[in-house]
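Structure first, commentary second.
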Amino acid sequence: MLAEPPPTQADVHFRVLGIPVRVHPFFWIITLIIGMRGDSAPPAEVLSWIVAVFVSILIHELGHALVQRRFGGQPRIVLHGMGGLEDWQSVAIAIVRHARKY
């Protein structure tokens, strides 16, 4: 199972809809390497690739985080070299806690 990478000084931190997001430097490195396709990709295409991957994975993880928040959890998102990470144990606990109310 993938674990959250340790924080670094190069992490990018921001919030989306009040949900904290941390982007680990390996996210950018791996996305760049995949987008370069060797030496043949023009810089504009590589930049477009990086933006598309970043937005896609962020929106995907935001969906998980919003479900967690809906069920009483305190979500946070980490984007790292292997994609994104959401604390699923917290999601499960929040859903069970919500279900027990009924």
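Each value in this text was obtained by applying a stated rule to the coordinates, not by laboratory testing. No experiment lies behind these values; they were computed from the predicted model shown. When we count neighbours, we look across all protein chains shown, and the Cβ atoms used for this are built from the backbone with ideal geometry, even at glycine.
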- Pull out the extension gain between residue 32 and residue 67, defined as 0.36 nm times the separation in residues minus the alpha carbon to alpha carbon distance; nm, one decimal. 9.6 nm
- Around residue 13: net Lys/Arg minus Asp/Glu count, Cβ-Cβ under 12 Å: +2
